[in-house]
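K.L.:
Sharing a structure below in structure tokens format, with a few things to ask.
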């Protein structure tokens with residue numbers, strides 16, 4: 001396992017842990033994750049910190065089973081830190097992304113892996129900030145934020161069916 005790395009940037013401090021050798025196929029992943037989180041971070045989150053774990057289907061399956069009761073891999077999981085009684089939370093929480101699922105989805109959707117990874121990292125980060133998609137209204141608000149932020153960094157709308165466009 002690669003040691004966590006942290007680099008100062010606009011936005012929260014992000015510890016990225018590469019916990020699966022499969023991520024060697026995406027050497028730009030750490031930089032990309034930090035970039036999208038910095039682009040999405042509201043001012044209140046600039047002094048916060050979070051962790052992003054880049055892992056495998058096997059590891060994320062175990063987390064998904066334990067915390068969500070779903071015995072299968074998923075693309076991204078977020079674990080927000082409970083808000084403290086006063087003041088902003090210093091540690092926002094953790095985001096876990098599975099390489100195999102992310103790569104498979106990107107291929108199936110006909111989009112570059114980097115674009116899909118940016119979307120997954122952003123999606124996880126928005127969950128740490130309190131966004132959710134349990135209701136139709138919440139999902140629309142979250143997707144609107146995702147589209148806006150991704151467009152700022154040059155990533156096309158992730159909700160367009162790219163495979164149908166080509």
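K.L.:
Could you list, in sequence order, the residues of the stretch 44-98 that are modelled with pLDDT under 95, farther than 16 Å from residue 131 by Cα and buried (at least 17 other Cβ atoms within 10 Å of the Cβ)?
P.N.:
Correct list: 48 only.
K.L.:
Could you list, in sequence order, the residues of the stretch 105-151 that are in contact (Cβ under 8 Å) with a residue 12 or more places away in the chain, under 21 Å from residue 52 (Cβ atoms) and in a loop (DSSP other than H, G, I, E, B)?
P.N.:
111, 129, 130, 131 - these are the residues of the stretch 105-151 that are in contact (Cβ under 8 Å) with a residue 12 or more places away in the chain, under 21 Å from residue 52 (Cβ atoms) and in a loop (DSSP other than H, G, I, E, B).
K.L.:
Determine whether residue 102 is closer than 21 Å to residue 118 by Cα, buried (at least 17 other Cβ atoms within 10 Å of the Cβ), under 16 Å from the mean Cα position of the chain (by Cα) and touching a residue at least 60 places away in the same chain (Cβ under 8 Å).
P.N.:
Against the criterion (closer than 21 Å to residue 118 by Cα, buried (at least 17 other Cβ atoms within 10 Å of the Cβ), under 16 Å from the mean Cα position of the chain (by Cα) and touching a residue at least 60 places away in the same chain (Cβ under 8 Å)), residue 102 does not qualify.
The values are calculated or read from the model by the stated rules, or taken from the named source; none is laboratory data. Model, not experiment: these values are computed from the prediction. In this analysis, Cβ positions are derived from the backbone assuming ideal geometry, glycine residues included, and neighbour counts consider all displayed protein chains.
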